[in-house]
Amino acid sequence: MVLVLLLKTILIFLCVALAVGFYTLVERKVLSYIQIRKGPNKVGPSGLFQPLGDAMKLFSKETVIINLSNKVMYMASPVVSVVIMFFLWSLYTSPYSVVYLKLGLLFFLVVSSLNVYPILGSGWASNSKYALLGSIRAVAQTISYEVSMALMILSLLMVSVSFNFLDIYYSQVFLWLLCPLFPIFVMWLVTMLAETNRAPFDLAEGESELVSGFNIEYGSGEFALLFIAEYGSILFMSLVTTCLFMKGFMNSSFFTIFKMLMVGYFFLWVRGSFPRMRYDVLMSLTWKSFLSLVISLGCVLLCFSA
């Protein structure tokens, strides 16, 4: 029994890692065509094998550990970030699932809030001022948007009255929650970008100021793990968005995967279309705009549900 669970766990991790690799290929293709140029097109047909080549290059490079760094935390932070991402993907329902959680949405809230710890740990343990500044930015940004994100989910729970993704799915039989909760859906999309440190909210990776942010001192396998954790979180947030607002379920049905890919494309389209925001504008957006607006909409929903 333990061996079966271990094999299922390894299989799910390999599938997520493979999905992350080819999502990066799609990103490079989308950005290249937005910028009127060709993306990767040399390694295999249309660059299909480029992610595999990148993975081989990263994991075969020599691991460099900084002498003045906190070596234990420096090495552990990328691993912890991947483990947290993998815990989120344990909510995905398939014949190879290890567990099924009835309080899946609550589990998502709890685990996603842990992402700040490996980011802060990797920035501090690198013993670099650029890495530390990037990690502090990322943590402040993530915590700020988690407040409004939790209130958005609370507003959604007033309609579905359940933390179970299956109940949320059945509550959208006649109408997607995207329609009655459209303002919350728009704010949710923006919050997703901020939560995953994606453009135009990628202040933690400001090349002109911080060179590369909290991951500046990482290379080879450690950088690849941070990369897998970031893009795995993006794909999972796309799946959660589909489940919460577009009548999707945590399974591999065609329509769920199609809607998830459309949300995943939204991440890429925004990155290729909008410039990076200023940090003070980013923080004021959540505390001065989103927070008050979500509370107001929540009060309106509460009056209707009562």
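The values are calculated or read from the model by the stated rules, or taken from the named source; none is laboratory data. A quick note: this is a predicted structure, and the numbers were derived from the prediction, not measured. A quick note on method: Cβ atoms are made from the backbone with ideal geometry, for glycine too, and the neighbour counts reach across all protein chains shown.
List the helices (runs of 4 or more DSSP H) that sit entirely inside region 46-131 and contain at least 3 residues that are more than 16 Å from VAL20 (Cα to Cα) and not small (Gly, Ala, Ser).
71-89, 104-112, 116-125
Can you list residue pairs whose Cβ atoms sit under 7 Å apart, with the first residue in region 1-24 being surrounded by 13 or more Cβ atoms within 10 Å (Cβ to Cβ) and the second being outside any helix (DSSP H, G or I) and hydrophobic (A, V, I, L, M, F, W, C)? Count only pairs 6 or more apart in sequence or on different chains.
Cβ pairs passing all conditions: LYS8/VAL98; THR9/VAL98.
Scan LEU68, LEU91 and give me the residue that is surrounded by 17 or more Cβ atoms within 10 Å (Cβ to Cβ), of a type in the set (A, V, I, L, M) and modelled with pLDDT under 85.
Going through LEU68, LEU91 in turn, just one is surrounded by 17 or more Cβ atoms within 10 Å (Cβ to Cβ), of a type in the set (A, V, I, L, M) and modelled with pLDDT under 85: LEU91.
Results for (1) within 22 Å of the chain's Cα centre (by Cα); (2) without any contact (Cβ under 8 Å) to a residue 60 or more places away in the chain, shown as yes or no for each residue.
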| site | (1), (2) |
| --- | --- |
| LYS42 | no, yes |
| GLN50 | no, yes |
| VAL79 | yes, no |
| VAL83 | yes, yes |
| LEU91 | yes, no |
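I want to confirm something. Restricting to region 129-171 and keeping residues that are closer than 24 Å to LEU282 by Cβ and of a type in the set (S, T, N, Q), which single residue is surrounded by the most Cβ atoms within 10 Å (Cβ to Cβ)?
Going through the qualifying residues, I end up with SER135.
For VAL79, work out the one condition from (1) closer than 30 Å to PHE245 by Cα; (2) at pLDDT 90 or above it doesn't fulfil.
It fails just one condition, (1).
Which condition does LEU261 not pass, out of (1) among the aliphatic types (A, V, I, L, M); (2) more than 18 Å from LEU177 (Cβ to Cβ); (3) within 13 Å of the chain's Cα centre (by Cα), if it passes all the others?
(3)
How many of the residues in region 19-45 are aliphatic (A, V, I, L, M) and out of contact with any helix residue (DSSP H, G or I) (no Cβ under 8 Å at 6 or more places or on another chain)?
Of the residues in that region, 1 qualify.
Please work out if TYR170 is at negative phi and in contact with a helix residue (DSSP H, G or I) (Cβ under 8 Å, 6 or more places away or on another chain).
No.
Identify, by number, the condition in (1) in contact with a helix residue (DSSP H, G or I) (Cβ under 9 Å, 6 or more places away or on another chain); (2) among the aliphatic types (A, V, I, L, M); (3) closer than 30 Å to VAL300 by Cα that VAL186 doesn't meet.
Tallying (1) in contact with a helix residue (DSSP H, G or I) (Cβ under 9 Å, 6 or more places away or on another chain); (2) among the aliphatic types (A, V, I, L, M); (3) closer than 30 Å to VAL300 by Cα, VAL186 fails exactly one: (1).
Looking only at residues in region 132-165 that are of a type in the set (Val, Ile, Thr) and in a helix (DSSP H, G or I), which one is farthest from the chain's Cα centre (by Cα)?
VAL159
Only one of these is of a type in the set (Val, Ile, Thr) and on the phi > 0 side of the Ramachandran plot: VAL263, VAL211, VAL281. Name it.
Working: VAL263 fails: on the phi > 0 side of the Ramachandran plot; VAL281 fails: on the phi > 0 side of the Ramachandran plot.
Step by step, each of VAL263, VAL211, VAL281 is checked, and only VAL211 is of a type in the set (Val, Ile, Thr) and on the phi > 0 side of the Ramachandran plot.
Do the conditions hold for MET237, that is, is it over 15 Å from VAL20 (Cα atoms) and either touching a strand residue (DSSP E or B) at 6+ places or on another chain (Cβ under 8 Å) or not basic (Lys, Arg) (or both)?
The answer is no for MET237.
With within 23 Å of SER81 (Cα to Cα), touching a residue at least 40 places away in the same chain (Cβ under 8 Å) and among the small types (Gly, Ala, Ser) as the only criterion, which of SER135, SER155 stands out?
SER135
Looking at region 172-227 only, could you name the residues that are in a helix (DSSP H, G or I), buried (at least 17 other Cβ atoms within 10 Å of the Cβ) and among the acidic types (Asp, Glu)?
Result: GLU195, GLU205, GLU222.
Just a yes or no: is a residue in region 36-43 at pLDDT 80 or above, buried (at least 16 other Cβ atoms within 10 Å of the Cβ) and assigned to a loop (DSSP other than H, G, I, E, B)? Reasoning before the result, please.
Of all residues in region 36-43, those at pLDDT 80 or above come to 36-43.
When the remaining residues are screened for being buried (at least 16 other Cβ atoms within 10 Å of the Cβ), the result is 39-40.
In the following step, the residues that additionally are assigned to a loop (DSSP other than H, G, I, E, B) were identified as 39-40.
Scanning region 36-43 turns up at least one residue that is at pLDDT 80 or above, buried (at least 16 other Cβ atoms within 10 Å of the Cβ) and assigned to a loop (DSSP other than H, G, I, E, B).
Given the conditions (1) modelled with pLDDT of 85 or more; (2) within 20 Å of PHE108 (Cα to Cα), which single one is not true for ALA131?
(2)
May I ask you to list the residues in region 254-302 that are basic (Lys, Arg), loosely packed, with under 15 Cβ neighbours inside 10 Å and under 15 Å from LEU193 (Cα atoms)?
Correct list: ARG278 only.
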